[in-house]
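Each remark here refers to the structure printed beneath this line.
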Amino acid sequence: MDDVVVEASPYARAQNNLATLKLDQMAAALPDYMRMVSGGEMEFVSALAEMTAAEVLARKRRILSQRIRSSGLPCVKTLADFDWSFQPSVPRSRIEGLATLRFIDEAENVLFVGSPGVGKTHLAIALGVEAVRAGREVRFMDCARLVDDLKDAQARGILKKRLKYYAHSKLLIIDELGYLDIGESGADLLFQLISMRYEQRSTIITTNVGIGGWGGVFGDEVAASAIADRVCHHCSMVKITGRSYRLKDLPAEKKREQ
């Protein structure tokens, strides 16, 4: 007796095709749209337009998430999340102006200066997220980790290649300059990188040390002056004063101890 070949239903074939094409949003929505079309609640073309629009949106979100991860940004923070009322010293209109990313188009730098916890990194990340959303290549690195990476590249004889890697990004965010001393060798490496990016690419730096104290961080006043000169030549400097956001909920006696 001949075997009976059972052909898959159109619905099953459609689901298999959507799965093969990795159109997960459309596959999940297919039953609901089939019901609406068959019930006369929606035309087929309208249903197809909505399903594809949802798939496009989901794909854009996946791509954005992938690009944020590859940029090294530690998390997603936005200007909408920033507590402007807690830090009134932050010039909101100026920050929102930076969020237009014109400073990147003009290869200008941004320097956030302030004590720990006042929101420097939050603002730097928020600008980085805006840049990623706009399709700009972004690289986020802790300053000490960046210097260590360059030292490792130098030891392995690939410093030139590694400097080009960091110099290529349209926006480089160097976080927490000054929290750890870099030393003369680190200062030399950072100077090389800043020089390669000078007037070509934008750099955001967050630091808890005013420019006048960079000599102590780098262990070399001359190198510190040279780095500061290139960073600040075309630069928006934002000084943030006020309390640490991370300590705002501590009892008064704990705050005094901190």
Margin query: Being open to solvent by less than 50 Å² (accessible area, probe 1.4 Å) and over 30 Å from Arg139 (Cα atoms) is true for just one of Met34, Met42. Which residue is that?
Written below: Met42
Item checked: Residues (open to solvent by less than 70 Å² (accessible area, probe 1.4 Å), without any contact (Cβ under 8 Å) to a residue 40 or more places away in the chain and within 29 Å of Ala126 (Cβ to Cβ)) located in the stretch 165-191 -> Tyr166, Ala167, Ser169, Leu172, Ile174, Gly178, Ile182, Gly186, Phe191
Item checked: Subset of the stretch 192-213 [more than 11 Å from Asn109 (Cβ to Cβ), in a helix (DSSP H, G or I) and either open to solvent by 10 Å² or more (accessible area, probe 1.4 Å) or out of contact with any Leu (no Cβ under 8 Å at 6 or more places or on another chain) (or both)] -> Gln192, Ser195, Met196, Ile211, Gly212, Gly213
Item checked: helices (runs of 4 or more DSSP H) lying entirely in the stretch 98-164 (those with 3 or more residues that are in contact (Cβ under 8 Å) with a residue 60 or more places away in the chain) -> 120-133
Checklist line | Failed item, numbered, when Gln87 is tested on (1) among the polar types (S, T, N, Q); (2) assigned to a helix (DSSP H, G or I); (3) open to solvent by less than 60 Å² (accessible area, probe 1.4 Å) | finding: (2)
Margin query: Phe218 - would you say it is closer than 30 Å to Ser70 by Cβ, at pLDDT below 95 and not β-branched (Val, Ile, Thr)?
Written below: yes
Next item on the list: Exactly one condition in (1) under 30 Å from Ile211 (Cβ atoms); (2) charged (D, E, K, R); (3) open to solvent by less than 20 Å² (accessible area, probe 1.4 Å) is not met by Glu55; state its number.
Entry: (1)
Item checked: Residue, nearest to Ser195 (Cα to Cα), within the stretch 102-148, restricted to residues that are open to solvent by 10 Å² or more (accessible area, probe 1.4 Å) and of a type in the set (A, V, I, L, M) -> Ala107
Margin query: I'd like to check something: does the stretch 82-104 contain any residue that is under 14 Å from Leu123 (Cβ atoms), modelled with pLDDT of 95 or more and among the polar types (S, T, N, Q)?
Written below: yes
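The values are calculated or read from the model by the stated rules, or taken from the named source; none is laboratory data. Owing to the predicted nature of the structure, the values given are computational and were not obtained by experimental measurement. Glycine also receives a Cβ, built like all others from the backbone with ideal geometry; neighbour counts cover every protein chain displayed. Each accessible area value is taken on the protein alone, full model and side chains, heavy atoms only, with ligands, DNA and RNA left out. Shrake-Rupley method; radii C 1.70, N 1.55, O 1.52, S 1.80 Å.
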